Structure formats: structure tokens, C-alpha cells
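Peer 1: Have a look at this one before I ask anything.
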There are 2 protein chains.
Amino acid sequence: MQISLSLGVSGPKAREYDLIIIGGGPAGITAGIYAVRRNLETLIIEKTEMGGTVALISEIENYPGFRRISGKELAEKFHQHAKELGVEFTIEEVTQIIKTENEFKIKTWENEYKAKAVILATGSKHRKLGVPGEEEFIGKGVSYCATCDAPFFKDKIVAIVGGGNTAVKDAKYLSEICSKVYLIHRRDQFRADEIDVEELKKRTNVEFVLNSIVEEIKGDSKVKSILVKNKETGETNEIAIDGIFIDIGEIPNSDLAESLGVELDEKGFIKVNERMETNVPGVYAAGDVTGGLAQIVVAAAEGAIAAVSAYEYIRRPYWANKR
Amino acid sequence: MQISLSLGVSGPKAREYDLIIIGGGPAGITAGIYAVRRNLETLIIEKTEMGGTVALISEIENYPGFRRISGKELAEKFHQHAKELGVEFTIEEVTQIIKTENEFKIKTWENEYKAKAVILATGSKHRKLGVPGEEEFIGKGVSYCATCDAPFFKDKIVAIVGGGNTAVKDAKYLSEICSKVYLIHRRDQFRADEIDVEELKKRTNVEFVLNSIVEEIKGDSKVKSILVKNKETGETNEIAIDGIFIDIGEIPNSDLAESLGVELDEKGFIKVNERMETNVPGVYAAGDVTGGLAQIVVAAAEGAIAAVSAYEYIRRPYWANKR
């Protein structure tokens with residue numbers, strides 16, 4: 001077992017770990033839970049807030065076991081769970097990961113840590129429109145995830161922005177739940193599969209607003225309307241809505257991975273196999289940074305799998321891990 | 001949307017569904033949660049008890065969000081969560097699934113149901129020793145999952161039975177947590193990877209008990225000892241232990257799948273891709289019946305993914321799903 005070196009760091013008690021997990025969202029925290037239950041000395045380094053982006057969600061009703069819970073509360077439960085089992089946490093930003101012969105050096109602005117294996121659970125961020133009202137109304141009518149939030153807009157009027165597969169599929173889904181759906185796309189052609197676009201055109205409660213961009217999201221305590229500009233005519237219209245889904249892409253937080261030589265897919269997500277191994281021995285990835293269905297329970301499961309794989313790597317003799 | 005036909009069935013209110021999920025464990029219930037949130041009329045058919053085998057677990061501390069919970073309680077939370085969102089449940093045994101041109105007929109002993117898509121979440125069962133005391137002491141010292149239960153035996157004496165990869169890996173893991181580990185195997189050769197066996201031989205607190213079988217598990221309120229017979233000498237010894245891990249294999253409940261033409265792997269687990277699709281269009285699988293890490297959170301995640309995939313299948317025009 002690892003001997004802890006107490007070097008007077010205020011946060012974590014040691015600088016040398018078996019496993020360091022980067023990112024304190026559901027993937028990272030679940031990886032931590034599984035790792036400490038296997039007696040690995042484990043540190044989670046999170047940049048901003050424990051729970052990751054989950055902490056920002058106003059209401060969750062699809063994490064099994066909790067009928068309805070705020071993101072902040074669920075994030076806190078995850079964090080407490082891992083902490084009580086013995087996972088160490090620190091809030092720092094990792095600036096660099098260096099692989100040496102048989103370990104990893106993880107540098108933050110303040111400290112340098114060592115680990116035998118690393119799990120990257122750095123998440124992703126939603127691409128934003130960057131218009132007035134967008135930030136202000138997040139969780140108050142502005143959403144970036146139809147799978148998460150659509151049922152909260154049952155029988156209401158919503159807009160969805162985007163032209164890719166996710167936007168078109170989500171528009172179909174929203175049209176079955178909401179009374180009216182505006183699909184706003186800056187071009188007149190879609191990147192989505194033709195079959196889904198055709199299907200969507202048949203839905204009587206879907207209105208296509210093409211060659212158009214959202215210029216502003218307006219409301220009081222909640223979203224009330226959007227200003228939409230037609231790029232061809234230059235005309236701007238105000239459309240009354242109860243919610244707006246922004247589906248213009250996910251940006252994986254994979255810069256650290258890339259600089260470590262971890263292979264990414266064409267969209268920048270980390271490539272993993274079913275054991276959550278990356279192409280770099282000793283480096284695992286889990287959660288939204290690997291793509292797939294961006295859901296809390298999926299991220300958590302990937303974290304569990306990554307931890308078990310990392311454990312096996314750490315406990316094998318050094319020479320057996322060479323490849 | 002599906003029109004419910006009320007045919008006077010006492011349990012579920014309709015016999016025609018968008019989606020039928022077979023199995024009411026974490027995978028099936030989570031699939032249900034995701035399906036009803038997408039407005040699919042959804043029925044879960046469970047053979048014995050809601051929650052599946054989870055309901056039998058005495059203590060769980062690795063499902064993120066619940067620091068420590070009994071299996072019964074967690075199973076009940078899952079069940080309630082899905083029920084409140086509108087998933088229908090029935091306790092019946094499915095005897096046959098028939099795929100017709102564009103739907104599935106699901107026969108139970110009592111009823112016949114129809115669905116546009118099916119998720120198989122039928123789980124697996126632990127292969128048992130079949131010796132006196134085994135059933136009696138489940139959860140009281142007898143365990144079938146080291147990943148789940150090892151930490152409950154910290155600094156205690158345990159036995160592990162088996163000779164495959166799982167048994168040998170689990171023995172390594174147990175040796176780091178427990179004070180003493182007896183590895184009992186009926187042969188003198190292991191099917192496990194040589195490297196892991198070699199590594200295990202170096203552990204000073206691991207004792208190999210080869211060519212031997214467990215004949216009885218003894219105790220009072222908890223396991224106290226086992227009777228172990230050496231097959232070569234015929235001699236029987238009593239070994240004092242606090243717990244015994246039985247690692248002699250998982251048997252997937254995949255008979256229904258097989259008769260439906262679903263492809264299985266060499267061990268009988270259902271083959272799925274990353275979208276949880278089987279080789280039969282409209283048939284998905286999730287949870288322990290697909291193999292992989294047999295953990296609640298992993299099963300739940302697979303259920304979520306299967307439901308989203310099934311949803312897309314159900315909502316596409318019929319001709320587009322032909323392949």
C-alpha cells in the first residue's frame with residue numbers, strides 16, 4: 001500500500017497517490033468510491049465545484065433512486081459519499097500531466113502530485129449561443145439537454161436551436177411532449193439524417209424557422225420570448241415561448257488528455273474501449289469527456305468501470321503493464 | 001401515441017405498449033424511467049420481486065448517492081421512482097417472445113402483451129456450490145461479489161472458492177483488505193492468467209488450498225467455519241473463517257433471448273453494441289445479462305442507454321427500421 005507523505009499541503013494530506021482522478025463530477029466521484037473500496041490511495045482534483053456541472057442543474061428526476069432532487073443536493077450527496085469512504089479532494093486546476101517511466105506527474109498551479117494511474121473525468125461544456133439572456137435564464141427556461149429537461153415543459157411552447165442530429169432528434173422528442181415546437185436553424189439545410197428531418201416535417205406542431213438566428217432571450221423570472229432574426233430578409237420577430245433548448249454542440253474538456261498523447265475522436269472526445277482504457281497505458285477516461293449519452297447515471301457507471309480497470313493496472317507488476 | 005386498451009386485466013391497465021421491459025432490476029427500472037420520460041407507454045414484467053436480485057443484498061455502499069443502504073430499500077426506491085413517473089409493472093413470468101412483422105408478442109403464463117420494442121433486462125444468477133449452509137448464510141458471511149462486499153470483511157479471515165480469472169483477481173483484492181485469504185480450488189491448475197496467479201503466490205497472507213472442495217458452511221448467526229475436503233487424500237479439515245466468497249461463475253438468464261434469435265457470446269451473455277442493440281431489430285438488452293461489470297450503477301446506465309435507443313427505434317417510420 002502507498003505510504004502517505006505529509007508535506008504540509010493544506011488540502012490533501014499526501015502528494016503521492018495510487019490513483020488521481022481529474023474532475024469531481026459523477027464520473028470522477030464514482031471512480032473515487034470504487035477506488036477507495038479497493039484500498040487505493042485516491043485523490044480527486046476538481047477545478048471549480050464538487051459535483052461538476054451537476055451542481056448547476058436545477059432539477060433532476062432521472063437519476064434512479066431519487067424521484068426529484070436539485071443538482072446541488074445530488075452533487076453534495078455524491079461528494080459526501082466518497083469523502084466518508086476516504087476519497088481525498090482538492091480544488092485546484094490541473095495545468096499539465098506528464099507520464100514518466102512508471103508513474104504520472106500531475107501539476108496544478110499550486111502543487112505537484114504523483115500517481116500510478118490517472119482517470120480523466122473532465123466532462124464537457126455546452127456550446128453557447130452567446131446572446132443576451134442566455135446565462136441569466138439557465139434553469140429558468142434555457143436548457144442544453146432535452147433528455148434531461150423536456151418533461152418539465154409538458155404541453156408548453158418551446159424553441160430548439162440547431163441543425164444537427166441531436167437538435168432534430170430532440171425536436172421530434174419535444175414535439176411529443178410540448179404543445180408547440182419552433183426549430184430554429186441558421187441555414188436552410190440540416191446536417192441531421194434526412195429520415196429524421198422528413199419525419200419531423202410531418203409533425204403538425206413543429207414549425208421550422210430557417211436561415212434564422214436567436215438574437216436575445218427575454219423574460220422576467222422565467223423565459224417569456226425570443227428575438228429571432230431572419231438572415232435573408234434582415235427582419236426580426238419576437239416569438240413567445242416557455243423554454244428554449246440550445247442544441248448546437250458539446251465541447252469536450254480534452255485539452256489535458258490531448259497534451260498527454262491520449263487519442264481523441266473527430267469531435268475531440270476521448271476514445272476509450274469498454275474497460276474505459278485510453279491508448280495510453282495507465283490513463284483511463286470516464287463520463288461526458290468520452291462522448292455517448294451525457295447522463296449522470298452513465299457517467300457514474302463509466303467511473304466505476306474505469307476505477308476497477310485502473311485498480312488492476314496499479315496492482316499488476318510494472319513490467320506486465322508495458323505495451 | 002399508443003392508445004391504451006382496457007381489457008380488464010387486473011394488473012397493468014393495457015395489453016398494448018410501446019415498450020415492454022423484461023426484468024425489474026436496476027437495468028429494467030432505469031430503462032422504464034427513461035422511457036416514460038419520453039412518453040412511451042411502458043410495461044415492466046418482473047418474474048419475482050421488483051428490484052430483481054438487488055432486493056436480496058443486505059448492504060450496499062457503492063451506489064453513488066447512498067452512503068449505505070439495504071438492497072430492499074434501494075430496490076423500493078427504484079420501483080417507486082419509476083412508478084410515480086408512470087411506468088406500469090406486473091409480476092408475471094414471460095414464457096415466450098415472438099417477433100412478428102412489426103411488433104412483438106410477449107406471452108406470460110396468464111396474459112399476452114404486444115410491444116413495438118423489447119428490452120431484455122433479465123439479469124444473471126450466481127453459480128452456487130450447492131452445499132449445506134450456503135443459502136442459509138447469504139448476506140451473513142456468504143457472498144458472490146468481492147467488488148460489492150470485500151470492504152465489509154476488512155482485517156478478517158475469508159475463503160474464496162474458484163479457479164478462474166475472477167476468483168484469482170478477487171483473491172488479490174481480498175488479500176489487500178483481509179488479514180488472511182484461503183483460495184480454495186478443486187484442481188491444482190488455474191484457468192486464470194498466469195501473471196495474476198504468480199502475483200498472488202507472492203502474497204504472504206494468501207494460502208492456496210488446492211485439489212479441494214467445500215463440503216459445508218457452518219456458523220450460528222454468521223459464518224464461522226467451512227469443512228474442506230482434499231480430493232486426493234480424502235481428508236476433511238475445518239477452517240475458521242469470517243466470510244466466504246463463491247466465485248465459480250455467473251449464469252446469464254438468456255433463454256428467452258436465445259429463443260428469440262438474439263446472439264449470445266460463448267458464455268451465454270447477450271451480445272450488445274454501445275447503443276445496447278442486439279442483432280434483432282427492436283430488441284435491446286441491459287444489465288447483468290449482457291456481462292461486463294455486474295454492478296447496480298452499470299446496469300442502470302445500460303438501462304438508460306437501451307431506453308433511448310428503443311425510443312428512437314419506436315419513433316422512426318416502420319420501413320426505416322428494416323435491416
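Peer 1: Just to check your reading of the model, which residue among B:150, B:115 is among the aliphatic types (A, V, I, L, M), over 23 Å from residue A:63 (Cβ atoms) and either free of Cβ contacts under 8 Å to residues at least 12 places away in the same chain or away from chain A (no Cβ under 14 Å) (or both)?
Peer 2: Just a single option satisfies the conditions, and that option is B:115.
Peer 1: Oh, and also: If I ask for residues that are of a type in the set (Phe, Trp, Tyr) and touching an Asp or Glu at 6+ places or on another chain (Cβ under 9 Å), which ones from segment A:52-102 would you list?
Peer 2: Within segment A:52-102, A:66, A:89 meet the criteria.
Peer 1: Determine which single condition residue A:77 fails, assuming it passes every other condition in (1) more than 21 Å from residue B:299 (Cα to Cα); (2) more than 16 Å from the chain's Cα centre (by Cα).
Peer 2: Failed condition: (1).
Peer 1: Another question about this same structure. Looking for something open to solvent by less than 30 Å² (accessible area, probe 1.4 Å), under 24 Å from residue B:314 (Cα atoms) and either out of contact with any strand residue (DSSP E or B) (no Cβ under 9 Å at 6 or more places or on another chain) or of a type outside the set (Asp, Glu) (or both) - is there at least one such residue anywhere in segment B:95-105?
Peer 2: So far as segment B:95-105 goes, yes, one or more of its residues are open to solvent by less than 30 Å² (accessible area, probe 1.4 Å), under 24 Å from residue B:314 (Cα atoms) and either out of contact with any strand residue (DSSP E or B) (no Cβ under 9 Å at 6 or more places or on another chain) or of a type outside the set (Asp, Glu) (or both).
Peer 1: For residue A:77, indicate whether it is within 12 Å of chain B (Cβ to nearest Cβ), open to solvent by 10 Å² or more (accessible area, probe 1.4 Å) and touching a strand residue (DSSP E or B) at 6+ places or on another chain (Cβ under 7 Å).
Peer 2: No.
Peer 1: Next up: Determine which member of the set B:49, B:88, B:92, B:61 is open to solvent by less than 60 Å² (accessible area, probe 1.4 Å) and either in the same structural domain as residue B:148 (by TED's automatic domain parsing) or modelled with pLDDT under 95 (or both).
Peer 2: Being open to solvent by less than 60 Å² (accessible area, probe 1.4 Å) and either in the same structural domain as residue B:148 (by TED's automatic domain parsing) or modelled with pLDDT under 95 (or both) holds for just one of B:49, B:88, B:92, B:61, which is B:61.
Peer 1: Can you go through A:283, A:272, A:289 and tell me which one is over 29 Å from residue B:176 (Cα atoms), buried (at least 19 other Cβ atoms within 10 Å of the Cβ) and modelled with pLDDT of 95 or more?
Peer 2: On inspection, the qualifying residue turns out to be A:289.
Peer 1: The conditions are (1) more than 13 Å from chain A (Cβ to nearest Cβ); (2) under 21 Å from the mean Cα position of the chain (by Cα); (3) small (Gly, Ala, Ser), and residue B:301 fails exactly one of them. Which is it?
Peer 2: Result: residue B:301 fails condition (1) only.
Peer 1: Can I ask one more? Can you pull out the residues in segment A:36-52 that are farther than 26 Å from residue B:75 by Cα and within 11 Å of chain B (Cβ to nearest Cβ)?
Peer 2: A:39, A:40
Peer 1: Among the strands (runs of 3 or more DSSP E) confined wholly to segment A:79-162, which include 1 or more residues that are of a type outside the set (Asp, Glu) and within 25 Å of residue B:30 (Cβ to Cβ)?
Peer 2: The qualifying strands (runs of 3 or more DSSP E) are A:112-120, A:124-126.
Peer 1: Quick check on residue B:207: is it open to solvent by 30 Å² or more (accessible area, probe 1.4 Å) and out of contact with any strand residue (DSSP E or B) (no Cβ under 9 Å at 6 or more places or on another chain)?
Peer 2: No.
Peer 1: Right, something else. Does residue A:55 meet the test of being assigned to a helix (DSSP H, G or I), within 14 Å of another protein chain (Cβ to nearest Cβ) and within 30 Å of residue A:153 (Cα to Cα)?
Peer 2: yes
Peer 1: Test residue A:296 against the criterion of being buried (at least 20 other Cβ atoms within 10 Å of the Cβ), in contact with an Asp or Glu (Cβ under 9 Å, 6 or more places away or on another chain) and not hydroxyl-bearing (Ser, Thr, Tyr), and give yes or no.
Peer 2: It is false that residue A:296 is buried (at least 20 other Cβ atoms within 10 Å of the Cβ), in contact with an Asp or Glu (Cβ under 9 Å, 6 or more places away or on another chain) and not hydroxyl-bearing (Ser, Thr, Tyr).
Peer 1: Report the residue count in segment A:87-104 for those that are within 25 Å of the chain's Cα centre (by Cα) and closer than 20 Å to residue A:35 by Cβ.
Peer 2: 9
Peer 1: Of the residues B:158, B:181, B:142, which is modelled with pLDDT of 95 or more and under 20 Å from residue B:251 (Cβ atoms)?
Peer 2: Only one candidate passes the filter, namely B:142.
The values are calculated or read from the model by the stated rules, or taken from the named source; none is laboratory data. This structure is a prediction, so every number in the text was calculated from the model and none was measured. Ideal geometry is used to build each Cβ from the backbone, glycine not excepted, and the neighbour counts take in all protein chains shown. When the accessible area is computed, the model is the full protein with side chains, heavy atoms only, and any ligands, DNA or RNA have been set aside. Shrake-Rupley method; radii C 1.70, N 1.55, O 1.52, S 1.80 Å.
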